[in-house]
Structure formats: structure tokens, C-alpha cells
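Nothing in this text is a laboratory measurement; each read-out follows from the coordinates by a stated rule. All of these numbers come straight from a predicted model, not from anything done at the bench. Glycine gets a Cβ as well: all are built from the backbone with ideal geometry, and neighbour counts include every protein chain shown.
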Amino acid sequence: MHKRLNRFSESVGSLLVDAFHYLALFAIGGAIVWSAVHAFVGMAAKGAASIEDILLLFIYLELGAMVGIYFKTNHMPVRFLIYVAITALTRLLIMEVQMHQKPDLSVIYVTSAILILALATLVIRYGSHKFPSGRGDEAASK
């Protein structure tokens, strides 16, 4: 009786965790789509898209791809988070340069952060190639 109750509780617990997992993925995916559509409608209403607007759409695209890969493989590719950070910093850098006529030290800080993130991506890609985890990294990288 105790073993049956234990198996039943594990089964129900696993079902609830999976249900929350999929519900959260759908909510995150929906929020990304909603935000991207809202940004695109704003660009269309403006009649033009700046480079910052286009980079913002790339951020939404990368976040959507990240959710899609996680949905398919149950594996979060850390590289996509780094790509989002690089794109966000690039967007910040462009806005900073456009706003100030004379570049200051913040340009060096942002470009240094982009370089560090690019090196981190290189290390992660090298490590996953040299020491594959066997958990579907090939599917996530395609």
C-alpha cells in the first residue's frame, strides 16, 4: 500500500511539474511574441525602423529561438543567453554613440563586455565540441 501511494504521489507530482513547465514556456513564448508584435507595430506607426529597433527585433528572435529549443530539447543553450546579452550591449553601444557627440569611457566598458561575452561563447563552443555532454547538443546547435 505504501509503495503504491508513493508511486501515485510521484506520478501526480511529476505531472504537475510538467504541466507548470509547459504552461510557463507558453507564457514566456506568448510574452515574447506579444512584445515583438508591439515593437513592430510601433515601428510601422513611426514609418521607419532605426538600427536600435532592428536589434530589438533580433533580441526577440533570439529569445523566441531559445524558448523553442528549450521546448523541444528540455535543454537551455547558455550560448543563446550570451547572444541576447551581446545584442543588447550592441544596441546600448549604438544608442550611446548616437546620443553623445564625444565618446567617453562607457564605450570602452561596453565594448569590453561584448569582447568578454564573445570569448565566453568561444570557450563554451570549444568545451561542448571537445567534451560533448551527449544530451542533444547537436540538435540544439542546429
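Between 0 and 90 degrees, the angle of helix 105-130 with respect to the longest Cα principal axis of the chain falls at about 40 degrees.
Among the trypsin sites (Lys or Arg not before Pro) within the stretch 94-137, those in coil by DSSP and having at most 12 neighbouring Cβ atoms inside 10 Å are Arg135.
FRET efficiency for the pair Asn74 and Ala31, taken as 1/(1 + (r/R0)^6) with r the Cβ-Cβ distance and R0 = 30 Å, rounds to 0.90. Modelled label positions at Leu15 and Val41, each set 7 Å beyond Cα in the direction of Cβ, lie 3.8 nm from each other.
Listing Lys72, Lys3 from fewest to most neighbouring C-beta atoms within 10 Å gives Lys3, Lys72. Using a/c under 1.5 as the rounded threshold, could you call the stretch 49-129 rounded, prolate or oblate? The axes a ≥ b ≥ c are square roots of the C-alpha gyration tensor eigenvalues, and prolate needs a/b larger than b/c, oblate otherwise. Oblate, since a/c reaches 1.5 and b/c is not below a/b. Here's the picture: charge each Lys and Arg Cβ at +1 and each Asp and Glu Cβ at -1 in the chain, and of Val110, Ala120, Leu93 the one pushed furthest to the positive end of that dipole is Ala120.
Taking 0.36 nm per residue of sequence separation and removing the Cα-Cα distance, the Leu92/Leu61 pair yields an extension gain of 9.4 nm. Which Cα, out of Phe80, Gly13, Ser35, lies furthest along the positive dipole direction of the chain (beta carbon charges, K/R +1, D/E -1)? Farthest towards the positive end: Gly13. The alpha carbon gyration tensor of the stretch 2-141 gives principal lengths a ≥ b ≥ c with a/c of 1.5 or higher and a/b no greater than b/c, which makes the shape oblate.
Which angle between 0 and 90 degrees, to the nearest 10, do you get for helix 78-99 versus the longest principal axis of the chain when only C-alpha atoms count? It is inclined by approximately 20 degrees.
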